[in-house]
Amino acid sequence: MDVTLLGTGDATGVPAALCDCEYCVGSAPRLRPAVLVEHDDTTVVLDVGPDLCDQLQRTDTYSVDAFFLTHFHRDHADGLLELLQTLRTGTEAAWNEDRDGHAFDLYMTETATEHLRDSFAYFLDTLDPQWDPDGTTVGGLAVDSFPVEHMRPEYETVGFLVRNGDSVLAYAPDMATFVGEPPTTDVDLFVCEGSPVVGGSHGTVEELRAAVDAVDADRTVLVNATEHGRREHTEELAARAREFGCELGADFDEYTLS
Ligand SMILES: [Zn+2]
Ligand SMILES: [Zn+2]
């Protein structure tokens, strides 16, 4: 199972719009959070933020079986417009295969679908979001959700466990704490919101410590990082992550879980 970090920034991203501070100018870009998971012929993308088109193009990703949203905040959901337009105009693969209907599935909680109905109801007929609280199997990948605390109850935010055999990815890019039991199933790689250590305003150091210790993954990579917001250089964020016993994520870093 191959995992690529498509974005490791916060809602602002690095560089921030209109900013030429030394941290924006001196840092590698950080797109908004998302993860690409590939196994054999199966491809899944977790989160559909405003950088989606760039993220898919940069990784030569032209076929996705399913997209999953953690929650309906714009830095995780604005790419739904890109998906809508792609379905309306088609793609090279769709034209060649003369596909009808959906080229991919879209999974988001029923609460998130309600938010979409409230804001862009015309998206729904085309995108046709689905949700199964008991989890979903996409090709060779089992995708389960777990609830996390992040602006509940208005936003029913979840994280995802993606499994293939013994390979397990946990992804929770926006979270303060787990709601209920944490996903402790022999996680190989935990891609975790690291705001209290490397980012902005969500959660506390103590909450992050408890979450990281509870999952006890082989590797924990902190995302939701921002040089711009913290006014610190990447090396300083990386050192802070290391002191915490974790790694600092970087856009397009790849991990092979076996
Ligand atoms: Zn800046
Ligand atoms: Zn959020």
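Between helix 80-89 and the chain there is an angle of about 30 degrees, using the helix long axis and the longest principal axis of the Cα atoms.
Among Leu69, Leu81, Leu222, whose mean-square fluctuation peaks in a Gaussian network model of the chain (Cα, cutoff 10 Å)? Largest GNM mean-square fluctuation: Leu81. What you get for the chain, charging only the Cβ of Lys and Arg (+1) and of Asp and Glu (-1), is a dipole of about 600 debye around the Cα centre. In order along the range 247-253, the phi-based Karplus estimate (6.51 cos²θ - 1.76 cosθ + 1.60, θ = phi - 60°) of 3J(HN,Hα) comes to 10, 8, x, 9, 4, 6, 5 Hz; Gly and Pro are listed as x.
Among Arg74, Arg209, Arg117, the largest mean-square fluctuation in a Gaussian network model of the chain, built with springs joining Cα atoms closer than 10 Å, belongs to Arg117.
Over the range 2-256, accessible surface divided per residue gives 45 Å², non-protein components excluded, 1.4 Å probe. For the pair the range 1-68 and the range 82-144, the centres of their Cα atoms are 18 angstrom apart.
Name all residues of the range 51-76 having a backbone nitrogen under 18 Å from the label point set 7 Å from the Cα of Glu254 along its Cα→Cβ direction, giving them as ranges. Residues 55-64 fall inside that zone.
Of the whole protein surface, Ser258 contributes about 130 Å² of accessible area at a 1.4 Å probe radius.
If you take every residue apart from Phe67 with its C-beta less than 11 Å away from the C-beta of Phe67, what net charge results, scoring Lys and Arg +1 and Asp and Glu -1? Result for the neighbourhood of Phe67: -4. In this simple spin-label model, placing a label point 7 Å from the Cα along the Cα-to-Cβ direction at both Ser63 and Asp213 gives a separation of 4.6 nm.
For the range 76-234, the relative contact order comes to 14 percent (Cα pairs under 8 Å, sequence separation of at least 6). Residues Thr256, Thr185, Thr126, sorted by accessible area with the largest first, give Thr256, Thr185, Thr126 [1.4 Å probe; ligands and nucleic acids excluded].
Taking Cβ atoms as reference points and 12 Å as the exclusive limit, the residues near Asp166 contribute a net charge of -2, counting Lys and Arg as +1 and Asp and Glu as -1. Along the axis of the charge dipole computed for the range 1-138 (Cβ charges of +1 for Lys and Arg, -1 for Asp and Glu, origin at the Cα centre), the listed residues Val138, Tyr122, Val64 are led at the positive end by Tyr122. Please report, as a whole percent, how much of the solvent-accessible surface of the chain comes from carbon and sulfur atoms (probe radius 1.4 Å). The C+S portion of the solvent-accessible surface of the chain is 45 percent. Taking Cα centre as origin and charging only the Cβ of basic (Lys, Arg, +1) and acidic (Asp, Glu, -1) residues, the dipole magnitude of the range 76-157 rounds to 140 debye.
Ordered from largest to smallest accessible area (heavy atoms of protein chains, 1.4 Å probe), the residues Asp144, Asp128, Asp166 come out as Asp166, Asp128, Asp144.
Structure remark: mean-square fluctuation, Gaussian network model of the chain, C-alpha springs under 10 Å; the largest value among Thr157, Thr89, Thr43 belongs to Thr89.
Other residues within the sphere of radius under 12 Å centred on the Cβ of Glu82, judged by their own Cβ, net out at -2 (K and R +1, D and E -1). Largest accessible area first, the residues Asp60, Asp75 order themselves as Asp60, Asp75 under a 1.4 Å probe with ligands, DNA and RNA left out.
Free of any chymotrypsin sites (Phe, Trp or Tyr not before Pro) that DSSP assigns to a loop and that have at most 13 other C-beta atoms within 10 Å, the longest stretch within the chain is 123-258.
The values are calculated or read from the model by the stated rules, or taken from the named source; none is laboratory data. Here the structure is a predicted model, which is why all the values come from computation and not from measurement. Cβ sites come from the backbone with ideal geometry, for glycine too, and all protein chains shown count toward neighbours. Accessible surface areas use protein heavy atoms only, side chains included; no ligands, DNA or RNA. Shrake-Rupley method; radii C 1.70, N 1.55, O 1.52, S 1.80 Å.
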